[in-house]
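Take a look at the structure set out below.
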Amino acid sequence: MSNATKFGKVAVLFGGKSAERAVSLDSGQAVLDALLRSGVQAEAFDPQDRSVTELVNYDRAFIVLHGRGGEDGQIQGVLEWLNLPYTGTGVQGSAIGMDKVKTKQIWQGSDLPTAPYRIITKETDLDAVIAELGLPVIIKPVHEGSSVGMSKVEKPEDFAAAIEKATQHDAVVMAEKWITGREFTISFLNGQPLPVIRLQPPADVAFYDYEAKYQRNDVEYGIPCGLSETEEKNLQALCLRAFQAVGAEGWGRIDAMQDEQGNFWLLEVNTVPGMTSHSLVPKAAKAVGYSFDELCVAILEQTLEGTA
Ligand SMILES: Nc1ncnc2c1ncn2[C@@H]1O[C@H](COP(=O)(O)OP(=O)(O)O)[C@@H](O)[C@H]1O
Ligand SMILES: [Mg+2]
């Protein structure tokens, strides 16, 4: 990129202190390397090690922090205060996207299909939850990512351990109806959906868990995704509405499933998805001709439009 100077000095924010720090370190380094290769004056900035007030020395920020603190509106709020343009979703959309329940409430209120769920507290009558959602269910911390703290529960006696595990990561825990079927992920660039990817974890794992995501290389990524052209268009249109409903902007990713009857169910939105060279957004962008470096520059270009 010959005109990379237009970006000025760019802070690539990665690391942080969330449960997804390790993933962020990988993603952030990949983005930093890509921007440097593209001639951008980019520097690493780990808010765990440095005061965010030092951000005043930069012209803009590329946020590659995953999870709490970085993907939930906190750092976005700091950048707003400093009047520094930044990539991706703003304060409110980030805060909503980090909360799986708030996200679902907005989708439900917008008539968008999301898997049925219940918040679980000490007072919750688990028999009533089973009567409502059936079995299996998946137990999730409400504010985590990367499948941290999640388990599939097939028998009533397994609830307690699953809830305990999720509680170690979050004060708010939910049970969600288990969707049997196919899993898809829909990436966004410039606010528009990219080709859908089908995710197929190996047969011996219950779902696309942390290990399958980051430590194994036998997850299959279908792109093209195997849906008919019409179905893929429908899913993209559904996800675009879902992306906009929560106020997500620019780039991101929505995870969804299709049940055995062919119905789509939205799972969650990621406003700062993984960005290693083998992550999902780069795969989807590649399918429409973006190299990893071009993708990183395209995301950064958003900050020129005053998205912050
Ligand atoms: N309702 C569900 N039914 C079946 N599998 C699910 C369900 N919800 C999540 N999963 C599996 O768990 C993975 C992680 O769930 P997700 O809601 O995307 O949270 P995150 O990616 O933030 O950890 C999904 O990619 C999917 O494989
Ligand atoms: Mg997910």
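Read-outs: derived from the displayed coordinates by stated rules, not from any lab. Keep in mind that what you see is a predicted model, and the values were worked out from it rather than measured. Quick reminder, even Gly has a Cβ in these numbers, built from the backbone with ideal geometry, and neighbours come from all protein chains shown.
Before moving on, here are some points about what is shown:
- When the pairs Lys17/Lys155; Lys155/Lys177; Lys152/Lys283; Lys17/Lys177 are compared against a 25 Å limit on Cα-Cα distance, Lys17/Lys155; Lys152/Lys283; Lys17/Lys177 fall above it.
- The Kirkwood hydrodynamic radius of region 82-149, based on inverse pair distances between different Cα atoms, is 14.3 Å.
- Bridge type composition, region 1-126 - antiparallel percent by DSSP, nearest 5: 0
- Computed from the Cβ-Cβ distance with R0 of 22 Å, the FRET efficiency linking Asp259 to Ile119 stands at 0.45.
- Pairwise FRET efficiency - Glu305 versus His169, Cβ, R0 = 45 Å, nearest 0.05: 0.80
- For Gly252, the amide hydrogen comes within under 5 Å of the amide hydrogens of Phe188, counting only partners 5 or more places away or on other chains and with H modelled in the peptide plane.
- Spacing of the modelled spin labels on Lys152 and Ala128, each 7 Å from Cα toward Cβ, amounts to 2.8 nm.
- Summing Cβ point charges (Lys, Arg +1; Asp, Glu -1) relative to the Cα centre of region 1-65 gives a dipole of roughly 180 debye.
- When DSSP beta bridges are restricted to pairs lying wholly in the chain, around 75% turn out antiparallel.
- Near the amide H of Glu268, within less than 5 Å, lie the amide hydrogens of Asp255, all on another chain or at least 5 residues away, with H placed in the peptide plane.
- Using alpha-carbon coordinates, inclination of helix 100-109 to the longest axis of the chain, degrees: 80
- For Val219 and Lys102, a Förster radius of 30 Å and the Cβ-Cβ distance give a FRET efficiency of 0.60, rounded to the nearest 0.05.
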